[in-house]
Amino acid sequence: MWKLAISQLKSHPRRYVAVLLAITLGTMFLAGSLLVTSSAKETTKQMLGATYANADLLITAEQDAYLDPESAFYDQVGWLEHPGDLETISGVAEVYPLLQVGTGLVLPEDSARRGSFDADADFLLATNTPDDTSLLSTPITAGTLPRGDTEIAVDTTAAERHELTVGDTVTLRGLIEDDETEFTVSGIVDTSGDPTAIGAMAAYLTPSALAAFTGDDPIYTMGLVRVDGDLDAVLQQITTALSGVATVNTPEVQISESLINKLGFDAITVVLGSFAAIALLVMMLVINNTFSVLVAQRTRQYALQRVLGATRAQIRKSVLAETLLIGIIGSVIGIVAAIGLIFGLIILAQRWVARATFAIDATLLWVLLAGVLITVVAAWAPASKAMRVSPLAAMRPVPAVTVGSQAGIVRLVLGALALIGGTAVMLLFAFHGDIGMAILGGAISFLGALLLGVLFVPAVVYGLGWALRPIGVPGKMAQLNSVRNRSRTAATATALIIGTTLVAMILTGGRTVQENTDQLLATSFPVDVYAELSDIDPADSQRLEETTRAVATTPGVAAAVPLTPVATTVDQGEHVMAGDPKRIAQISAALTEQDAAALADPGTVLVSNRYDYETLTAQTSQGPVELDAVQSELSSVTAIVSTATAAAWDAEPLGPAVAWIAVDDPEMSATDMQDLITSMASNAEVSAGNFESPLIIRATYQQIIGTVMLTVVGLLAISVLIAFVGVANTLALSALERTRENSLLRALGLTKRGLRAMLSWEAVLICAVGAILGCALGMFYGWVGSVAIFTPILEDQADTLAVSLPWAAIIGIIGTAVLAGLIASVAPSHRAAKLSPVEGLATA
Amino acid sequence: MTTHTITAPSAVAAQSITKTYGTDDTQVTALDDVSVAFHPGDFTAIMGPSGSGKSTLMHCLAGLDTVDSGQVAIGKTVITGMSDHQLTILRRKHVGFIFQAFNLVPTLSARDNILLPLDLAGTKVDQAWFDQIIEVLGLGDRLAHHPHELSGGQQQRVAVARALLTRPDVVFADEPTGALDSATGTEVLQLLARSARDMGQTIIMVTHDPHAAAYADNVVLLKDGAIVGRVEDPTADTVLAALAELGA
Ligand SMILES: Nc1ncnc2c1ncn2[C@@H]1O[C@H](COP(=O)(O)OP(=O)(O)OP(=O)(O)O)[C@@H](O)[C@H]1O
Ligand SMILES: [Mg+2]
């Protein structure tokens, strides 16, 4: 059976290129996901292990224990200069409590920089040295570790930032007491790879030198043990001694435990894996479709073999062998390519993360199995269908396409049920805000839509094909050819619909979330920027005005108005702010026209629409006052009275005044806002720390959503790519099938260009329809999804959800699909046009 | 050759054309220095043993294939040396084809198949001419049908209609009756003969069948890539005799 299979592959290698490519892409994605996880695990292991790789045992304190200075943990493991009880256990060479103390490394006199610790010192993490330096795993690059209390070994980061070499003098400042100590640099060690210490500068001091910085009861959580006896026995004894206060492990065990517990590698695998699963599903469709075409073309050959005496089982075996072969070749290429790619990326990453490590584990074999299995399963149905044809029937000319076979009807009924039922469930739960059930309903509904694809995809293709009619014969032929084999066209487009639906859904959902960030964050921001004018006496209205004007005249600022707290509401204990209604109204979103007008009435207080009281009692420095409450149209305003109302009370301000500031461009990025705040602060001569902008939160939030969206779309792109391979494949095989007919057209006067155009338009048509239907479905699901997400959030708000359809992106998707269709058609149409009509007409 | 052809221009003419396939040791000379002219309005049959170069000659004359040396002219146009694009454009209006089978585009109706060369050229149909051809060929009630709904004879008639509609300089027919039963074949042959006689259509037909050749005005005999004889006003018997002579 292998002989026949290999001869099939050898005689028409081109027909398999696309299937192989699809399998390769799918398995590469899956293998890549697994390799990313295994490599990330290994890298983290290396980095975490950096601190204690050379220890024989590792002691980790329980939280209760290390927070209690009286705990047995400290007695057993010891303090800096006082060895713990553990050292008396036979076989224990050294117990090394790992203390890390924050200190300030004083900057050189002439440094223009501001320190990270305080004004003139950088933060430096100081660690004690062990008795036996072999416990330290960080390599020493120059000099030695400190041998006396006046020596220090700094890490490369510190050495570079402070331009230190061995023999230099440095000054350390304590965190608790402000006294300073001078040290001589005795050596320079490598920067630790421990991810928990990344970015900080570090140094080693002798235990007695470090003691000066620790305060009375230094807290530490980890001890390293050097063992010179029987490891198991020592582990046993230490475990007993520390029972209840700390755990003891070998470093290997500790690393894997902390990895599993703390880091979400499994989550990464699940997320990447589900995208890989989508890619594999699309791959399966493409394989299935390809084999449908391949074996349809071979129906006669099978029949001939049957007539010549081959049993059905023999033919079946040869087909099985063929699919196995393809599955293995494709999967192996995919896995090898993934290994190459990830290995390359890790090498690249080592520029930034020195310990980045490539790691493979046995799970990759599952990818091979999955790749082969999917290929065989996907190819089996069409192959066995071709084999069921009786030899005589197959020898007769192939009749036109038939719709409505048994399987077809079952499929349509199932599809319709799933589509209607799933959509109903999805909508019902979405409007009740039950996201989980809505997703389930959506998935069923999508499945139904895909099953029904054979019904409506060709219709849409044919319908859109009318747009090609003005092009002439190539356009007309493209339209007619594209619906010649309904199930083939449907399957090809469906592969594309899967990817584009998900992409459009993510984009729609993401855009809607971005546009409705305010509601999602449960706050709408009436004011772009707040500044608490704490440096200014709130009673000094002239300075308040000057400062506010300085802020308002900063380029990029639209308006600014000062408000002063003049009272406290008796019910809520909230400040009542006094401000000029006209000017507050300029802070566009802060007040509506009606609110401003209402506020102008003396004796009124404007309150949030969350409150429904009609009068409000406020406590001023002069005693309580009764106010008429007017509900604002906004929910997020604080209680406000006009300056005139407040002036009548003659009350003292109750705290620092604030400035409400409106900016010209509320959509500005977080960094632009930061810059604007800096210039407002310097113009107004107040500290930048007093400014606060909800816009920064919003911008950051939107940036995060944007990044997530982009990542998800990127991951889905693989599926879309596989679908495009499928389009190219279907077209190539169809063109091959129509060689005679194409040659006839050429003989009758269709130019090479015309022939190429005919095939290209066919591909473009299928791609465009796939993308259009996908986008339509995706926007629908994205809209429903947004409703599901926002319904619980909007429940107690009067606001309604504004769904944003990402039209620009949708046009982009469809444009890309059209372009991809063109690209996919290049090879098949080129090959078709290259064939001379005479040769083509000679083929039976 | 008859005298009246000396002054009249040919519909199709070949001047010393040679065509070889393959390289060096596997080389086959399909056409060996062939010169031939076909007069307007003539119905000519090309005959010869299998492998004698009939199809090759037809393809070269029709501009479907290129010659290695020599020249081919269709009407007043020398087509040798033309680009593939120019040849394709020329074929639309100046050459008609009837093949043995698979003559029609399966996705197009009979009407659209007939109009295909005109659609490709982007020209309007001469409705009176169209109606006349349909009438003669008896395809009136079949125009909306697709090829798989037509019998083999009907399919060939559609192909004939398509070939005639553009009033080409020449219609090439490669064994047009090869796939038909003899009654249907006779019908198609009669149609071709009538087109030549009544409409003045030049027709060049490749055939193996002496009875088919008898419908033609004359027969060109081919052997080993060279023209080895002619039969004027052929009958099945004279053709058979000439062929027997060749085989000897
Ligand atoms: N594409 C090709 N490559 C190589 N040799 C070819 C090719 N086409 C034709 N030949 C050879 O050229 C010669 C003439 O072939 P051609 O098809 O013209 O013969 P024919 O007279 O039409 O034969 P038949 O009556 O069997 O159709 C034959 O020897 C054939 O083998
Ligand atoms: Mg032939």
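Some notes on this structure:
- At full extension, residue A:304 and residue A:700 could sit 135.8 nm farther apart than now, given 0.36 nm per residue minus the alpha carbon distance.
- Counting Cα-Cα pairs of chain B in 10 Å increments starting at 0 gives whole-percent bin shares of 7, 31, 37, 20, 4, 0.
- Translational diffusion coefficient (Stokes-Einstein; Kirkwood radius from C-alpha pairs) of chain A at 37 °C, 0.692 mPa s, in µm²/s: 97 µm²/s
- Simple spin-label estimate for residue A:337 and residue A:416 in nanometres, 7 Å along Cα-Cβ: 4.1 nm
- The trypsin sites (Lys or Arg not before Pro) of segment A:561-613 that DSSP puts in a loop, and whose beta carbon has at most 13 other beta carbons within 10 Å, are A:610.
- Residue of B:155, B:86, B:201 that the Gaussian network model of chain B assigns the largest fluctuation, springs spanning Cα pairs under 10 Å: B:86
- Peptide-level mean, for A:740-748, of C-beta atoms on other protein chains within 10 Å: 6
- Computed per residue of the protein assembly as shown from DSSP H runs no shorter than four, each worth -39500 (n - 2.57), the mean residue ellipticity at 222 nm is -17500 deg cm²/dmol.
- Distant-in-sequence amide H partners of residue A:621 (H built 1.01 Å from N, under 5 Å): A:652
- For segment A:565-611, the square roots of the Cα gyration tensor eigenvalues, ordered a ≥ b ≥ c, give a/c of at least 1.5 with a/b greater than b/c, which places it in the prolate category.
- Cα shape, segment A:529-665, gyration tensor, a/c 1.5 rule: oblate
- The stretch between residue A:62 and residue A:87 holds 7.0 nm of extra length on full extension. This uses 0.36 nm per residue minus the Cα-Cα distance.
- Cβ-Cβ FRET estimate between residue A:134 and residue A:271, R0 fixed at 41 Å, reported to 0.05: 0.50
- Distance between the modelled labels on residue A:11 and residue A:671, one decimal in nanometres: 6.2 nm (7 Å Cα→Cβ projection).
- Listed by number, the DSSP H helices of chain A that run 18 Å or longer by alpha-carbon position along their axis and have mean Kyte hydropathy of at least 1.0 are A:265-307, A:312-349, A:364-388, A:406-431, A:435-451, A:694-737, A:752-794, A:807-834.
- For the pair residue A:572 and residue A:802, a Förster radius of 35 Å applied to the C-beta separation gives a FRET efficiency near 0.70, rounded to the nearest 0.05.
- Exposed chymotrypsin sites (Phe, Trp or Tyr not before Pro) absent: longest stretch of chain A, with sites in DSSP loops and at most 16 other Cβ within 10 Å deemed exposed: A:1-351
- Calculated FRET efficiency for the pair residue A:717/residue A:328, C-beta based, R₀ 25 Å, to 0.05: 0.40
- Trypsin sites (Lys or Arg not before Pro) within segment A:72-171: DSSP coil, no more than 14 neighbouring Cβ in 10 Å: A:113, A:114, A:147
- Each of A:171, A:791, B:202 has some number of other Cβ atoms within 10 Å of its Cβ, and from fewest to most they run A:171, A:791, B:202.
- Neighbour net charge for residue A:821 - beta-carbon separation under 14 angstrom, K R +1, D E -1: 0
- Among A:673, A:668, B:82, A:680, a tally of other beta-carbon atoms within 10 Å of each Cβ gives an order, fewest to most, of B:82, A:668, A:673, A:680.
- Virtual spin-label span in nm between residue B:76 and residue A:542, 7 Å along Cα→Cβ: 10.6 nm
- Seen from residue A:184, the other residues with C-beta closer than 15 Å to its C-beta sum to a net charge of -4, counting Lys and Arg as +1 and Asp and Glu as -1.
- Fraction of antiparallel bridges per DSSP, chain A only, in percent to nearest 5: 75 percent
- Local net charge near residue B:139, Cβ-Cβ under 14 Å (Lys/Arg +1, Asp/Glu -1): -2
- When the Gaussian network model of chain B links Cα atoms closer than 10 Å, the mean-square fluctuations of B:141, B:119, B:25 top out at B:25.
- Along chain B, longest interval not containing exposed trypsin sites (Lys or Arg not before Pro), exposed being DSSP loop plus at most 13 other Cβ atoms within 10 Å: B:125-248
- Whether segment A:100-217 is rounded, prolate or oblate, judged on the alpha carbon gyration tensor where a/c under 1.5 counts as rounded: rounded
Throughout, read-outs are computed from the coordinates displayed, never taken from laboratory work. Just so we're clear, the structure is a prediction, and the values are computed from it rather than from any experiment. Glycine also receives a Cβ, built like all others from the backbone with ideal geometry; neighbour counts cover every protein chain displayed.
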